[in-house]
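Peer 1: Provided herewith is a single structure, encoded as C-alpha cells, for subsequent inquiry.
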Amino acid sequence: MRLWPWWTPVAALGALALALVVPVGVTLALVCGVALMGAVFAAVHHAEVVAHRVGEPFGTVVLSLSVTIIEVALIVTVMAAEGAGKATLPRDTIFAVIMITCNGLVGLCLLIGALRHREQSFHIVGSNASLATLIALTALSLVLPAFTTSSPGPTYTTTQLIFASITSLVLWGTFVFVQTIRHRDYFLPVAAAGDEHVHAPPPRTAVAAASFGMLLAAIVAVVGLAHELSPVIESGVIRAGAPKATLSIAIAMLTLLPECWAALRAALANRLQTSLNLALGSALASIGLTIPAVAFSSVLLDVPIVLGLGPKDLALLVLTFVVASTTLVAGRTHVLQGVVHIVILGSFLFFALVP
C-alpha cells in the first residue's frame, strides 16, 4: 500500500495553515506550490480509488465535481475581492477550461494513446451526447450574451442571467442522469486487453470511504493553496506585462491538473472513453455549475459579470467544436487528430498572449 497519497493532503493542509498566518514570500510560495502539486496527485489517486469502488462513469463524475468546486471557489473568491475589476474573470476562465479540455486534454490523450496503442476506440453515442450538451451550454452562456440587446455590452440582465443559470443546471443535470443511470453503457470504457482496471478487484468499502475523506481534504488544500498563490501569480502576470486573460488561463490550468493527470493515465491504459468522459465532463460541469454560482454571487455581491465572448474567441470556439465534431464521429482515433487539437490549443495560448 502506497503511503504518500495519505500523508500528502495532510502536509498540504499544513502548508495552507502556515500560509494563512505568515505572509507569502518567495520561499513560502515555492513550498505552497510543491504542496499544491502533491495535493493534486493525491486527489487523483483517491478519486480513482472511489471510482473503482463505485464503478464508471460515477468515478469521472466525482472527479469532475471536485475540479469544478475548486474552480468556482477560486472565481468567486477573486470576484468578491476585486469587484468590478474582475467582471470578465468567469467568462475567461470558463472559456479557458473549454479550450484546454476540448483541445489540450483531448489532443494529448489522443496523441499519447495513438503513440502507444496505434488506434483507440470509444462509444460514439455517449461522446457525441457530451459534445452536443457542451455546445448548447456554451452557446447559451458565452455566445448569446454577445448578441442580446436588453443590456449594454456583452452582458445579460439579471432576468436573463437567472434564465441562463436554470438552463445550465437543467442541461447538466439531465446529462449526469443519462450518463450515470439511464444510458450508462454509452459512457463505459471499451474493454481492452491489458487494462488492469477490468480484472482488478474493487477496494473495500472502508478503504473507499477513507479515500473519499482524503479526497475532500486534498480538494480543500488545493482550493486554499491556489487562493493563497493567486496574488503571487497575478503579480507575476502584471510584472511580465501579459494580458489579463492570462490569469484566467492560470486558474483553469491549476484547477484542471487532477483531471488532466487522470485522463492521461486512462489514455495510456487504453481507456480512451474514460479520458473523453473526464475531458468533456469537466467542461460540462465547468459551465453547468459555474454559471449558476457566479450568477448568484453577482446578484448577492452586486458585482457585474461580462459573459459574451469577443470575435477572436468566438472564431476559436467555432473551430474547436467543428474539429471536435469530426473527431468524435467515427468511434476510432489516430495520431493526426491529436496533433490537430494540440495545434488549436497552441493557437489559443499564443493569441491570448499576443492578442
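Peer 1: What is the one condition in (1) surrounded by 24 or more Cβ atoms within 10 Å (Cβ to Cβ); (2) more than 30 Å from residue 207 (Cβ to Cβ); (3) at pLDDT 90 or above that residue 90 does not satisfy?
Peer 2: (3) is the only condition that residue 90 fails.
Peer 1: If the Cβ limit is 6 Å and pairs must be 6+ apart or interchain, which residue in segment 294-313 that is closer than 15 Å to residue 145 by Cα and outside any loop (DSSP other than H, G, I, E, B) pairs with which residue that is among the small types (Gly, Ala, Ser) and at pLDDT 85 or above?
Peer 2: Close Cβ pairs satisfying both conditions: 295/165.
Peer 1: Does segment 254-277 hold any residues that are part of a helix (DSSP H, G or I), closer than 25 Å to residue 120 by Cβ and hydrophobic (A, V, I, L, M, F, W, C), and which are they?
Peer 2: Residues of segment 254-277 that are part of a helix (DSSP H, G or I), as a first pass: 254-268, 272-277.
Subset that is closer than 25 Å to residue 120 by Cβ: 256-268, 272-277.
Scanning segment 254-277 gives 256, 257, 260, 261, 262, 263, 264, 266, 267, 268, 272, 276.
Peer 1: Looking at the structure I just gave you, is residue 316 surrounded by fewer than 24 Cβ atoms within 10 Å (Cβ to Cβ), more than 17 Å from residue 97 (Cβ to Cβ) and either modelled with pLDDT of 85 or more or charged (D, E, K, R) (or both)?
Peer 2: Values: surrounded by fewer than 24 Cβ atoms within 10 Å (Cβ to Cβ): yes; more than 17 Å from residue 97 (Cβ to Cβ): no; either modelled with pLDDT of 85 or more or charged (D, E, K, R) (or both): yes.
So residue 316 fails the test.
Peer 1: Okay, next question. Would it be correct to say that residue 174 is in a helix (DSSP H, G or I) and of a type in the set (Ser, Thr, Tyr)?
Peer 2: On the way: in a helix (DSSP H, G or I): yes; of a type in the set (Ser, Thr, Tyr): yes.
Yes; evaluated as a whole, the condition is true for this residue.
Peer 1: Looking at segment 243-265, is at least one residue of a type in the set (Val, Ile, Thr) and under 24 Å from residue 49 (Cβ atoms)? Walk me through it before giving the result.
Peer 2: Of the residues in segment 243-265, the ones of a type in the set (Val, Ile, Thr) are 246, 249, 251, 255.
Those left that are additionally under 24 Å from residue 49 (Cβ atoms): 255.
Yes.
Peer 1: Going by the conditions given, is residue 250 without any contact (Cβ under 8 Å) to a residue 40 or more places away in the chain and within 14 Å of residue 97 (Cβ to Cβ)? Lay out the reasoning, then the answer.
Peer 2: Details: without any contact (Cβ under 8 Å) to a residue 40 or more places away in the chain: yes; within 14 Å of residue 97 (Cβ to Cβ): yes.
Answer is yes for this residue.
Peer 1: Now for a separate question. Pairs, please: C-beta under 6 Å, at least 6 apart or cross-chain, first residue closer than 20 Å to residue 254 by Cα and in segment 21-37, second of a type in the set (Gly, Ala, Ser)?
Peer 2: That search, which allows pairs on different chains as well, returns 31/15; 32/15; 32/19; 35/12; 35/15.
Peer 1: Then there is this: Condition (residue is surrounded by fewer than 21 Cβ atoms within 10 Å (Cβ to Cβ), of a type outside the set (Lys, Arg) and over 27 Å from residue 54 (Cβ atoms)) applied to segment 212-227: is it met by at least one residue?
Peer 2: yes
Peer 1: Related question: Looking at 201, 152, which one is surrounded by fewer than 19 Cβ atoms within 10 Å (Cβ to Cβ) and at pLDDT below 85? Walk me through how you get there before you give the answer.
Peer 2: On the way: 152 fails: at pLDDT below 85.
So the residue among 201, 152 that is surrounded by fewer than 19 Cβ atoms within 10 Å (Cβ to Cβ) and at pLDDT below 85 is 201.
The values are calculated or read from the model by the stated rules, or taken from the named source; none is laboratory data. Being a predicted model, the structure only gives us computed values, none of them experimental. Methodologically, a virtual Cβ is constructed for each residue, glycine included, from the backbone with ideal geometry; neighbour enumeration extends over all protein chains shown.
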